[in-house]
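Participant: Starting off with a structure, shown below.
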Amino acid sequence: MEDLGKVAAAVSRSRREFLRDATGACLGTALLGSRLRAQQGTRPRKAVVVTFGGGARDDETFMPEGRQNIPNLVGELLPRGTFFTRVVNRGILGHYVANASLATGAYETLNNFIASPPEHPTVFEYFRKELKRPASDAWVIAPSIGFERIGESQHAAYGPGLGANVVLPKRLLASAVPAGAQADYQALLHDNYESPLYRPEAGSTDLELERLTGVLKVSVSDFLANARNLESPDELSVFLARRVMQQFAPSLLWITLHDIDIAHAGTFSLYVDAIRRTDRLCAEIWKLIQSSPEYAGRTSLFVLPDFGRDSDETPGGNGFQHHRTGDARSRTTWMLAMGPDIRENVVIDRPIDSMDLVPTLGSYFGFSPQFAQGKPVGELF
């Protein structure tokens, strides 16, 4: 097994040099860290978190030959934010459990394929309990691979009644599609690229349709018409995220994108297409923020993979397909932060931990995540 610290440092240097050449980004330090400016008026801050389900190798992203796959990240987003080149994930590399860990700030040990609530309080519970925010102010848009329980923990001091609203776009779509028409939407309904035999238990069709039409205020016919024109599940997720932003304008919105995990199918072209789509959707989310009167000028965007991909140098590997060995490259990710309080075109290459996200959001909003294992990222706030 490669030494995690040495490999992470080497990956960080490579990303830093790439970004310096690509964007002219300057190297930042903790001593130059920004501080939250006083809010204008009484408008509270908002945050949108986007997690890259499935991660991508630097070969197809932060290397000269991969730059063509992330034109929006490199050309539009990175120059407007602070980029952390060395984010280390020391936990279980499964998508639900890794996202649950990101959302709690503590390494969870859940079964990745069972819908189970996190053990530690989630960022949504800290946010709502301490700041006395209503349920409509925290939302999650996520794949339906066990994610229905990510919004609310089993912790005795938090738990029921304090979590986020969780929207599972594929489950809503499955409930809305007429009998016999699912083949028309098959590309959007594929649920798990890693284990094709696994299908989550379906919820009540009536309850799902009530959530769609009653809560999100989207008619079944409009939902199906829009879905028919989409390429992938992630596009469906962003469509519903837009609806949630318009309908509720939540202060804390968490979106998990999962298309990149098509890499498990072993088809390189599909994996690269998913990277390009994810790059485009991240830019679309930022444009949504900037074009909305409820979000513009007071919202920070955090983009980070849940983890990376293996170097896959074993005899059965093909270089991009899996994240199962837990090697150093699959554990070395990155984070981009953008917003009115965050410095632009700055690169930070010191190591931070994946678990630092929740404490950082705590500093940003003003709550104390007492059970989180990370610490606030000082260069931001």
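The values are calculated or read from the model by the stated rules, or taken from the named source; none is laboratory data. It should be emphasised that the depicted structure is a prediction, and the values quoted were computed from it without experimental measurement. Note: ideal-geometry Cβ built from the backbone for every residue, glycine included; neighbour counts use all protein chains shown. The protein model used for the area step is the full one, side chains on, heavy atoms only, and it has no ligands, DNA or RNA in it. Shrake-Rupley method; radii C 1.70, N 1.55, O 1.52, S 1.80 Å.
Participant: How many residues, within segment 276-293, are part of a helix (DSSP H, G or I), out of contact with any Gly (no Cβ under 9 Å at 6 or more places or on another chain) and hydroxyl-bearing (Ser, Thr, Tyr)?
Facilitator: Residues flagged as part of a helix (DSSP H, G or I), out of contact with any Gly (no Cβ under 9 Å at 6 or more places or on another chain) and hydroxyl-bearing (Ser, Thr, Tyr) within segment 276-293 amount to 1.
Participant: Could you run through segment 125-160 and say how many residues are part of a loop (DSSP other than H, G, I, E, B) and over 24 Å from THR213 (Cβ atoms)?
Facilitator: Restricting attention to segment 125-160, the residues satisfying the condition of being part of a loop (DSSP other than H, G, I, E, B) are 132-134, 142-146, 150-160.
Restricting the remaining residues to those that are over 24 Å from THR213 (Cβ atoms) gives 132-133, 145-146, 153-160.
So the count comes out to 12.
Participant: Oh, and also: Open to solvent by 10 Å² or more (accessible area, probe 1.4 Å) and either out of contact with any helix residue (DSSP H, G or I) (no Cβ under 8 Å at 6 or more places or on another chain) or of a type in the set (Lys, Arg) (or both): is that true of ARG309 in this structure? I'd like the intermediate steps shown before the answer.
Facilitator: Values: open to solvent by 10 Å² or more (accessible area, probe 1.4 Å): no; either out of contact with any helix residue (DSSP H, G or I) (no Cβ under 8 Å at 6 or more places or on another chain) or of a type in the set (Lys, Arg) (or both): yes.
No, not satisfied.
Participant: Name every residue in segment 56-102 that is aliphatic (A, V, I, L, M), in contact with a helix residue (DSSP H, G or I) (Cβ under 7 Å, 6 or more places away or on another chain) and assigned to a helix (DSSP H, G or I), in order of residue number. Working first, answer last.
Facilitator: If we filter segment 56-102 for residues that are aliphatic (A, V, I, L, M), which is where we start, we get 56, 63, 70, 73-74, 77-78, 87-88, 92-93, 97-98, 100, 102.
So of that shortlist, the ones also in contact with a helix residue (DSSP H, G or I) (Cβ under 7 Å, 6 or more places away or on another chain) come out as 56, 63, 70, 73-74, 77-78, 87-88, 92, 102.
Once the filter is applied, which keeps residues that are aliphatic (A, V, I, L, M), in contact with a helix residue (DSSP H, G or I) (Cβ under 7 Å, 6 or more places away or on another chain) and assigned to a helix (DSSP H, G or I), segment 56-102 yields LEU73, VAL74, LEU77, LEU78, LEU102.
Participant: Exactly one of (1) under 29 Å from THR61 (Cα atoms); (2) aromatic (Phe, Trp, Tyr); (3) open to solvent by 50 Å² or more (accessible area, probe 1.4 Å); (4) at pLDDT 95 or above is unmet by PHE268. Its number?
Facilitator: The one condition PHE268 does not meet is (4).
Participant: Quick one: would you say TYR185 is in a helix (DSSP H, G or I) and either at pLDDT 90 or above or in contact with a Pro (Cβ under 7 Å, 6 or more places away or on another chain) (or both)? It would help to see each step written out before you state the result.
Facilitator: Values: in a helix (DSSP H, G or I): yes; either at pLDDT 90 or above or in contact with a Pro (Cβ under 7 Å, 6 or more places away or on another chain) (or both): yes.
Taking the combined requirement at face value, the residue satisfies it.
Participant: Hey, another quick one. May I ask you to list the residues in segment 121-142 that are touching a Leu at 6+ places or on another chain (Cβ under 7 Å) and surrounded by fewer than 19 Cβ atoms within 10 Å (Cβ to Cβ)?
Facilitator: Looking only at segment 121-142, we keep the residues that are touching a Leu at 6+ places or on another chain (Cβ under 7 Å), and these are 123-125, 127-129, 137-139, 141-142.
LYS129, the sole residue that qualifies.
Participant: Right, next: List the pairs whose first member sits in segment 355-368 and is farther than 14 Å from ASN89 by Cβ, whose second member is basic (Lys, Arg), and whose Cβ atoms are under 7 Å apart, counting only residues at least 6 apart or on separate chains?
Facilitator: PRO359/LYS375; TYR364/ARG45; PHE365/ARG45
Participant: Sort through THR109, THR82 and tell me the only one that's open to solvent by less than 50 Å² (accessible area, probe 1.4 Å), among the β-branched types (Val, Ile, Thr) and either closer than 21 Å to GLY146 by Cβ or within 18 Å of the chain's Cα centre (by Cα) (or both). So that I can check it myself, show each step before the final result.
Facilitator: Details: THR109 fails: open to solvent by less than 50 Å² (accessible area, probe 1.4 Å).
Only one candidate passes the filter, namely THR82.
Participant: So which residues in segment 346-373 are open to solvent by less than 40 Å² (accessible area, probe 1.4 Å), modelled with pLDDT of 95 or more and assigned to a loop (DSSP other than H, G, I, E, B), if there are any at all?
Facilitator: Passing the criteria: PHE367, PRO369, ALA372.
Participant: Given the options THR314, THR325, name the one that is open to solvent by 60 Å² or more (accessible area, probe 1.4 Å), closer than 24 Å to ASP356 by Cα, at pLDDT below 85 and among the β-branched types (Val, Ile, Thr).
Facilitator: The conditions single out THR325.
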